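Just below is one structure, and these are the notes that go with it.
Where a number appears in this text, it was derived from the coordinates with a stated rule and is not lab data. Predicted model, so just to flag it, every value in this text is computed and none were measured. Cβ sites come from the backbone with ideal geometry, for glycine too, and all protein chains shown count toward neighbours.
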């Protein structure tokens, strides 16, 4: 059975779509380094079912050689939360909402921005949220995309790391 990773944001049209596309791409590029298959999906706390990704999201992903133009937004469900092995959220309120709905999910819900960083005092003071670029100028999307790319690289590297016995 494959490992299931769920990426969650608010509307499932920008940040979680970027993260899903980038992570799927990274895993496909290094698939020989995976010890088990990995499925990647995304959803939104307040998504409008079937809504396409924002134009800037599609544009940035296409510039990176990733086509997510056919993505359709979906609302995060309790079932998606339960079935995921790892869940990455963009903001603290999303983590709180997922855990409120499915308390058993607590150990598998992580803030994408801080995942894989050393637990030091400077990390505790770090702004752990990845701000929503929806409705903002292209340069805001570009900064968001660059940040998500860095975070996704840490996630991918953790998945590639050899498992301890």
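Below is a table of values for the structure above.
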{"quantity": "Dimensions (Å) - the stretch 46-120, Cα atoms, principal axes, largest first", "calculated": "35, 33, 20"}
{"quantity": "Whole-number percent relative contact order across the stretch 1-129, with pairs defined as alpha carbons under 8 Å at least 6 apart", "calculated": "28"}
{"quantity": "Residue-averaged [θ]222 nm for the chain, counting only DSSP H segments that reach four residues, each worth -39500 (n - 2.57)", "calculated": "-12500 deg cm²/dmol"}
{"quantity": "Translational diffusion coefficient (Stokes-Einstein; Kirkwood radius from C-alpha pairs) of the stretch 1-98 at 10 °C, 1.306 mPa s, in µm²/s", "calculated": "117"}
{"quantity": "In nm, spacing of pseudo-spin labels at residue 117 and residue 140 (7 Å Cα→C-beta vector)", "calculated": "2.2"}
{"quantity": "Taking 97, 153 and counting other C-beta atoms within 10 Å, the order from fewest to most", "calculated": "153, 97"}
{"quantity": "Simple label model, 7 Å out from Cα along Cβ direction - residue 67 to residue 46, nm", "calculated": "3.3"}
{"quantity": "Label selected from (i) 0.98; (ii) 1.25; (iii) 1.15, the criterion being Cα Rg over 2.2 N^0.38 Å as computed here", "calculated": "(i)"}
{"quantity": "Gap separating the Cα centres of the stretch 86-109 and the stretch 1-62, nearest whole Å", "calculated": "17"}
